[in-house]
Ligand SMILES: Cc1ncc(COP(=O)(O)O)c(C=O)c1O
């Protein structure tokens, strides 16, 4: 009698939560017992801890990562008439944030080895209306801050970091949040630091920008009075229950990121030479939000079917490049050849802190045993 293979999940939130379950239960009970659900000390404590973790001065908790990015742009006065450069290879939220603040998106292609934007691809997209670049530290690896920083200075445009997939990642020891104007983080549950629902944060060293964003995210409230509103704001706050959960998980984040790095090392050791894990630069301490590989052209569907058969979770990040998504469809003259070629070859393998070497070996065996990769 053949036994069905043990499933290897794409990510395992239940196992993450089991690591911290008693602390989570206590924190939720405390919130319910005290009634402190919006704002207050729990939010401030988490904001302080996360700012310190990201080596930045200030953190403002907000409702989600997309709002964090939009609030940074709007808080910096970027809006109608401005263009913001974003990578064509990103999650659609990066583009949404630009359009929602009234600016226009300009796409930049990416480096074929890392699939991240570079100084050259940014320079190729600059126009006289460019106000900023939103550099996305995709898949858990930061962009080359030296190269991107030099381009940004040369063109005199602002650098905003989309760090939704890069909690704890660094470039030459520098974490997201201090290289440019500000960084936006998502705490969507599947992120390296995930809430038990939606959440996000802005991290910055600029106190004036921070004050504007804090006000904008809380109905434009004056810092002096709950009943005076200085700005046209909105409601995008990190709630206290999520802040408590995040503070507990933040304590584990270094261990969890280390475990992801071990998993990435096992993949490099065991995967067949016919697939290519994305390059991690020497200056980069990556946190491996996703385990992305490139497979030979035309083989992804078959490989995906073999992974399904073996009960191995997988995904594609992202199958349709941002500049080809319906709301952002650029004209036929906009071509992003590296992003477009990668979109048909990338495949994300299971990646989470509870992956074992045995799991990775089994995933690698599914790939090595496939005729397309032999
Ligand atoms: C690169 C990137 N930017 C922005 C976001 C938006 O974050 P959120 O889903 O919290 O709005 C995400 C995550 O979903 C993301 O992966």
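The values are calculated or read from the model by the stated rules, or taken from the named source; none is laboratory data. Since the model is a prediction, treat every value here as computed from it, not as a measurement. Cβ sites come from the backbone with ideal geometry, for glycine too, and all protein chains shown count toward neighbours.
When residue 107 is tested against (1) assigned to a loop (DSSP other than H, G, I, E, B); (2) within 16 Å of the ligand (Cβ to nearest atom); (3) out of contact with any strand residue (DSSP E or B) (no Cβ under 6 Å at 6 or more places or on another chain), only condition (1) is not met. Residue count for the stretch 311-327, restricted to those that are out of contact with any strand residue (DSSP E or B) (no Cβ under 6 Å at 6 or more places or on another chain) and either more than 17 Å from residue 293 (Cβ to Cβ) or in the same structural domain as residue 164 (by TED's automatic domain parsing) (or both): 8.
Residues that are under 12 Å from residue 61 (Cα atoms) and assigned to a loop (DSSP other than H, G, I, E, B) within the stretch 207-220 comprise just one, 217. It is to be established whether one or more residues within the stretch 189-206 are modelled with pLDDT under 95, part of a loop (DSSP other than H, G, I, E, B) and either surrounded by fewer than 23 Cβ atoms within 10 Å (Cβ to Cβ) or more than 20 Å from the chain's Cα centre (by Cα) (or both). Within the stretch 189-206, not a single residue is modelled with pLDDT under 95, part of a loop (DSSP other than H, G, I, E, B) and either surrounded by fewer than 23 Cβ atoms within 10 Å (Cβ to Cβ) or more than 20 Å from the chain's Cα centre (by Cα) (or both). Looking across 81, 39, 75, one residue alone is surrounded by fewer than 24 Cβ atoms within 10 Å (Cβ to Cβ), closer than 18 Å to residue 133 by Cβ and more than 14 Å from the ligand (Cβ to nearest atom). It is 81.
Is it the case that some residue within the stretch 96-104 is part of a strand (DSSP E or B), under 18 Å from residue 325 (Cβ atoms) and at pLDDT 95 or above?
Yes; the residues of the stretch 96-104 include at least one that is part of a strand (DSSP E or B), under 18 Å from residue 325 (Cβ atoms) and at pLDDT 95 or above.
If I ask for residues that are in a loop (DSSP other than H, G, I, E, B) and either buried (at least 21 other Cβ atoms within 10 Å of the Cβ) or within 13 Å of the ligand (Cβ to nearest atom) (or both), which ones from the stretch 42-72 would you list?
Here is the first cut: in the stretch 42-72, the ones in a loop (DSSP other than H, G, I, E, B) are 54-57, 63-64.
54, 56, 63, 64 - these are the residues of the stretch 42-72 that are in a loop (DSSP other than H, G, I, E, B) and either buried (at least 21 other Cβ atoms within 10 Å of the Cβ) or within 13 Å of the ligand (Cβ to nearest atom) (or both).
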